[in-house]
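The values are calculated or read from the model by the stated rules, or taken from the named source; none is laboratory data. This one's a predicted model, so the numbers in the text were calculated from it and none came from an experiment. As a convention, Cβ positions derive from the backbone with ideal geometry for all residues, glycine included, and neighbour counts pool all protein chains shown. Quick note on the areas: whole protein, heavy atoms, side chains included, nothing else; ligands and nucleic acids left out. Shrake-Rupley method; radii C 1.70, N 1.55, O 1.52, S 1.80 Å.
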Amino acid sequence: MEIKEIRELIKFVSQSGVSEVELEQGDFKLSIKNVNSNAPVYMQAPMQQMQAYQQPQVQQAPQISAPAVESVSAPTPVSSEGNLITIKSPMIGTFYRSSSPDKPSFVNVGDEIKTGKVICIIEAMKLFNEIESEIGGKIVKVLVENAQPVEYDQPLFLVEPN
Amino acid sequence: MSINTHIIGQKYIYIDKVQSTNIELAMLSNHSERPEGLVLRAGFQTGGKGQFENLWESNNNENLLLSILLKPDFLEIDQVFSLNIAISLAVKDTILFFFPNQAYIKWSNDIILNDKKVSGILIENNILEKKISKSIIGIGLNVLQQEFKNSSQATSLAIQDNLYTFDLELVYDKLISCLNFRYNELRSGWLVKQKNEYIQSLYKRNLDSIFISDQNEFHGKIIGIDSSGRLLIETEHGRQTYQNGQIKMRY
C-alpha cells in the first residue's frame, strides 16, 4: 500500500466516523483507531422514535464460568439419572454431530468435555445453532443419530459429570 | 437519541482473501473478546460457505462478502427465528433501494430479485444455557459480477440493471445502514411488526406454486409462517406446515 493511499484511508476513517478499521492484504496489516469521534450519530428519521439503548460495549457475552454443580441445579435442560447427567435439546430442529459431513464429530463417546464445549449443531429453519455444554464430564452415550429431527427437551447425550 | 443505534460496522476488518468470512470471524471471536457489531469483510473467499456443503460462488472484489458479530442475548431461545427475519428484511431493504418493488424473501432467507437469487444469508449461533451468546451473520450480496458459471439461479445487481453503474462501497454503506435499522427494531422488541413485514415480503406469497416434498409434487400457495418460522402452505388438503429441508419450491 502506498503512503498516499494510507493517508487517504486515514482521512476517510476520520470523516466516516467509524471507530476502528483493520485492514489485511497478504502480510500487510494496518489498524486505524478513531479516538476523537466517540461513535457518530447517524440521523435516520424512523429511528428517532426509538429508545436509547444500553452501551453495547458494556454488554459482554455471558462468560462461561459457572461451575458444573451450579448448572445441574439450575433450571436448565439437564437432568440427573443416577450419577449420569442427560443433556437435552434446547430447541426443535435437526441434530448434527459435526459442522459438515466431511468434518469429524464435535464429541464422541469417551471424550472428556468442559463447560462451553460445542457438542452438536441443531439446525432450525436454516439457522445453525452450535450447542455448548453446560456441564463438564465424560460423554457416556450419544442418544440421537446424526441428521435426525429432535424435539424440545429431547435427551441428546449422557454425561458422567466431573 | 442514543449514539449507539449504529452498532453494526462501528468496528470493521477488511481482509483481501479468506476461506470464509463466517469461519474467519468465528475464529477471531473465539480467540478474544470482540465487540458486538464487528464487521469482517473480504474481497475474496476461497471456500465461501453456503449451508453445510454448499459453496457460495463469488469473483474477486465484485460482490459484498461479509460477516457480522452479534450478541442478541435479549432474545429468548424460541425467538431465534426473529433474528433471521430482521436480517432478511435488512438485505431486502437494501435491494429495494436500488430496485423498488422487485425484491422478495424466499423462505427462509434467500433474497430474490426478478426471480433469481441475488443474496444469501448464513446465520450461525452459539447457544449456552438457552441463550444466544453469539451470532455470526454471514451475508453474500452479488453486486458487480456479470456471470455465474455454476448457478443458473444466481444474479447480481449489475446483471439486473446494466444501465446503472453500481458502486460496491455505496451498496455496502446502504446494507450497513439497513442492518442497523432492522437490528434496532429487533432490539426494541418490534418482533410482530417485523414478522408481518417478512410475511408480506415472501416470494410467491398467495401465488399458486408447485412444491416438492418426499418426492411428491403438489400445488399450493404460501400464506405465511408460524411462530417458529415454519412455512405455512394452503393446499387442497388444507393448511400444511413445513420445516426447512422438508420442502422445496419449483421456481
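Taking a ≥ b ≥ c as the square roots of the eigenvalues of the Cα gyration tensor, an a/c ratio of 1.5 or more together with a/b larger than b/c marks the range A:94-160 as prolate. Projecting the Cα atoms of B:F98, B:F74, B:S32 onto the dipole axis of the range B:1-123, where Lys and Arg carry +1 and Asp and Glu carry -1 at the beta carbon, places B:F98 farthest toward the positive end. Less than 5 angstrom separates the built amide H of B:W56 from those of B:G48, B:K49, B:G50, all sequence-distant by 5 or more or on a different chain. Per residue, the solvent-accessible area of the protein assembly as shown (1.4 Å probe, heavy atoms of protein chains only, all protein chains present) comes to 48 Å². Element breakdown for chain B at a 1.4 angstrom probe: carbon and sulfur atoms account for 46% of the accessible area.
Using C-alpha pairs below 8 Å separated by at least 6 residues, the relative contact order for the range A:76-161 is 38 percent. For the listed peptides B:165-178, A:114-127, a ranking on the average number of other beta carbons within 10 Å per residue, highest first, reads A:114-127, B:165-178. Calculated mean residue ellipticity at 222 nm for chain B: -8000 deg cm²/dmol, from DSSP H runs with n ≥ 4 weighted as -39500 (n - 2.57), summed, divided by the residue count and rounded to 500. Farthest toward the positive end of the dipole of the range B:12-201, out of B:L89, B:I112, B:S188, is the Cα of B:S188, where the dipole comes from beta carbon charges about the Cα centre.
Here the range B:208-249 is treated with +1 on each Lys and Arg Cβ and -1 on each Asp and Glu Cβ, and its dipole about the Cα centre works out to around 140 debye. Rounded to the nearest 20, the size of the Cβ-charge dipole of chain B about its Cα centre is 260 debye, with Lys and Arg at +1 and Asp and Glu at -1. Tell me whether the protein assembly as shown comes out rounded, prolate or oblate; compute the Cα gyration tensor, take square roots of the eigenvalues as a ≥ b ≥ c, and use a/c under 1.5 as the rounded threshold. Here the protein assembly as shown falls in the oblate category. Per-residue 3J(HN,Hα) values for the range B:8-20, derived from phi via the Karplus relation 6.51 cos²θ - 1.76 cosθ + 1.60 with θ = phi - 60°, read 6, x, 4, 10, 9, 10, 10, 10, 5, 9, 9, 5, 7 Hz in sequence order (x marks Gly and Pro). Listed cross-link partners B:K49/B:K71; B:K11/B:K149; B:K71/B:K106; A:K11/B:K49; A:K88/B:K221; B:K11/B:K134 are compared with a 27 Å cut-off, the Cα-Cα value being larger for B:K11/B:K149; A:K11/B:K49; A:K88/B:K221. Classified by the C-alpha gyration tensor, the range B:212-251 has an oblate form. Its axis ratio a/c, with a ≥ b ≥ c, is 1.5 or above, and a/b does not exceed b/c. So if I take the centroid of the Cα atoms in the range B:78-156 and the same for the range B:216-251, what is the distance between those two points in Å? Each part reduced to its Cα centre gives a spacing of 20 Å. DSSP bridge analysis restricted to the range B:1-132 gives an antiparallel fraction near 70%, rounded to the nearest 5.
The mean number of Cβ atoms from other chains found within 10 Å of a Cβ in peptide A:11-22 is 3, as a whole number. Restriction of the trypsin sites (Lys or Arg not before Pro) in the range B:85-140 to DSSP coil positions whose beta-carbon has at most 16 other beta-carbons within 10 angstrom yields B:K130. Each Cα pair under 8 Å and six or more residues apart adds its sequence gap; the mean of these over the residue count of the range B:208-249 is a relative contact order of 36 percent. Placing dummy labels 7 Å off each Cα toward the beta-carbon, the span from B:E217 to A:Q148 is 3.4 nm. 3J(HN,Hα) along the range B:153-169: 9, 8, 8, 9, 4, 5, 5, 6, 8, 7, 8, 9, 8, 7, 10, 3, 5 Hz, from the Karplus curve 6.51 cos²θ - 1.76 cosθ + 1.60 with θ = phi - 60°, whole Hz, x for Gly and Pro.
Phi-derived couplings, Karplus 6.51 cos²θ - 1.76 cosθ + 1.60 at θ = phi - 60°, listed residue by residue for the range A:144-149: 10, 6, 4, 6, 9, x Hz, with x used for Gly and Pro.
Relative contact order of chain B: 17 percent, from C-alpha pairs under 8 Å at least 6 residues apart in sequence. Under 5 Å from the amide H of A:V150 lie the amide H atoms of A:G93, A:T94, A:F95, each residue being 5 or more positions distant or on a separate chain, with H modelled from the backbone and absent for Pro and chain starts. Taking amide H as placed 1.01 Å from N in the peptide plane, A:D111 has its amide H under 5 Å from the amide H of A:I139, each at least 5 places away in sequence or on another chain.
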